[in-house]
Amino acid sequence: MLLDKEERRSNKIRTTLGKPHGVCDDIGRPSKAESGNARNGLRNKRQAGKEESMRIKALSDVVGAAVTGVDLSTPLDAKELSVLKRALTDHLVLCIRGQSLDARAFADASRLFGRPKSFLLRRDRIDGAPEVSIVSNRPPSLEGKLLVQAKYWHTDDSYLAAPATLTLLLAKTLPNDGGDTEFINCHAVLNALQDTLRQRLEGLRAVHKYRSRRNKSWVAIRSAEEEAETPPVVHPLIRTHPESGQKALYINPNRIDHIDGWGEPESDALLDELYEFAFQPQFQYRHRWQAGDLIVWDNRCTMHRANADYDLNQLRVMHRIMLEGEVPV
Ligand SMILES: O=C(O)CCC(=O)C(=O)O
């Protein structure tokens with residue numbers, strides 16, 4: 001399958017995002033990118049001999065695309081895989097629709113994108129598939145007590161020296177309404193920063209801690225073993241994506257404790273300024289989950305958060321896999 005001219009152009013626009021863009025949602029009108037992609041289906045053999053096309057459709061002007069016509073429980077050919085990976089590089093977040101995968105099949109599917117690793121918190125791992133952890137509003141680590149995890153903006157794993165490159169989140173049980181996940185494009189955030197502020201950030205590094213002084217979400221109690229695996233780490237505030245070569249603002253409001261070498265008041269002032277800027281709606285896409293959605297996001301250039309604006313009496317359960325990471329540079 002080759003991308004036609006229009007799709008290449010839309011992908012190019014996306015990879016050179018320099019300004020804030022408006023946000024639309026999945027049920028909005030087709031964007032240029034959608035109509036271009038809709039004409040570029042991959043012809044795939046699918047169940048019962050039925051042929052379906054792989055389609056990639058932008059979900060917003062700033063981040064995210066939906067993929068249909070792919071069944072990750074069956075092998076993908078090299079062309080399909082390369083289109084999928086290219087779409088992820090271009091859109092940073094992919095929602096692959098209609099997936100029905102048990103934990104083992106999910107772990108196998110994740111290998112298309114990298115090497116799955118076992119989640120830090122042993123209690124949240126699934127028996128027989130330690131790469132898969134449970135994200136639930138009744139988390140195993142709280143013995144089933146009600147809690148909406150990850151409600152505040154973050155990027156996964158930044159408390160590790162080599163944070164996960166990608167995270168995959170598969171919807172298992174959804175509330176009737178709400179429970180959305182929001183995403184921020186951190187390339188777009190960096191590109192929209194004023195030059196003077198951006199120049200101040202060059203060369204600065206931040207100290208990330210599992211339990212940071214500025215954390216705003218619930219933080220799990222770690223076992224002694226888990227605590228030993230998560231000492232404070234230092235990462236640059238601007239990092240370069242190894243595949244696209246683009247720079248992104250690399251912040252994690254939950255885990256950054258302070259700017260390395262700075263006192264608390266001046267460090268807090270700069271971090272507050274960056275967060276306020278980054279949280280602006282023009283950098284965001286809000287995903288309304290559908291049954292069978294599997295979302296893959298790139299932690300190197302996005303942030304995300306879970307929404308708690310739904311009936312919490314209803315169960316929400318996701319299966320999550322993180323892929324082995326790399327040291328941010
Ligand atoms: O549950 C969600 O929507 C997001 C989960 C999340 O933030 C995470 O797994 O890091």
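Data overview
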read-out	value
Hits in the range 291-310 - residues which are basic (Lys, Arg) and more than 14 Å from Glu182 (Cα to Cα)	Arg300
Which listed residue is more than 21 Å from Pro140 (Cβ to Cβ) and within 19 Å of the chain's Cα centre (by Cα), from Val327, Val234	Val327
Residue satisfying all of: in the range 45-69; part of a strand (DSSP E or B) and more than 30 Å from Cys186 (Cα to Cα); modelled with the highest pLDDT among these	Ser53
Residue satisfying all of: in the range 123-147; surrounded by fewer than 17 Cβ atoms within 10 Å (Cβ to Cβ) and small (Gly, Ala, Ser); nearest to Phe106 (Cα to Cα) among these	Gly128
Only listed residue being charged (D, E, K, R), touching a residue at least 60 places away in the same chain (Cβ under 8 Å) and away from the ligand (no atom under 14 Å from the Cβ), chosen from Arg104, Arg115, Arg138	Arg115
Hits in the range 237-254 - residues which are within 15 Å of Leu120 (Cβ to Cβ) and over 16 Å from the mean Cα position of the chain (by Cα)	none
Those residues of the range 179-188 which are away from the ligand (no atom under 11 Å from the Cβ) and of a type in the set (Gly, Ala, Ser), in sequence order	Ala188
Qualifying residue in the range 78-97 (condition: part of a loop (DSSP other than H, G, I, E, B) and under 23 Å from Leu315 (Cβ atoms))	yes
Inter-residue pairs, beta-carbon under 9 Å, first touching a residue at least 24 places away in the same chain (Cβ under 8 Å) and in the range 72-89, second in a loop (DSSP other than H, G, I, E, B) and small (Gly, Ala, Ser), 6+ apart	Ser73/Ser100; Thr89/Ser244
Within the range 111-122, tally of residues that are crowded, with 19+ Cβ neighbours inside 10 Å and in a loop (DSSP other than H, G, I, E, B)	3
Residue count, the range 147-170 (criterion: more than 9 Å from the ligand (Cβ to nearest atom) and assigned to a strand (DSSP E or B))	3
Per-region count, the range 194-250, residues part of a loop (DSSP other than H, G, I, E, B), touching a residue at least 60 places away in the same chain (Cβ under 8 Å) and basic (Lys, Arg)	2
Filter result for Asp90 (of a type in the set (D, E, K, R), within 12 Å of the ligand (Cβ to nearest atom) and out of contact with any Gly (no Cβ under 6 Å at 6 or more places or on another chain))	no
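For (1) closer than 24 Å to Phe283 by Cα; (2) surrounded by fewer than 20 Cβ atoms within 10 Å (Cβ to Cβ); (3) of a type in the set (D, E, K, R), each residue gets a yes or a no:
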| site | (1), (2), (3) |
| --- | --- |
| Gln199 | yes, yes, no |
| Ala206 | yes, no, no |
| Ala220 | no, yes, no |
| Ala228 | no, yes, no |
| Asn254 | yes, no, no |
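The values are calculated or read from the model by the stated rules, or taken from the named source; none is laboratory data. Predicted model, so just to flag it, every value in this text is computed and none were measured. A quick note on method: Cβ atoms are made from the backbone with ideal geometry, for glycine too, and the neighbour counts reach across all protein chains shown.
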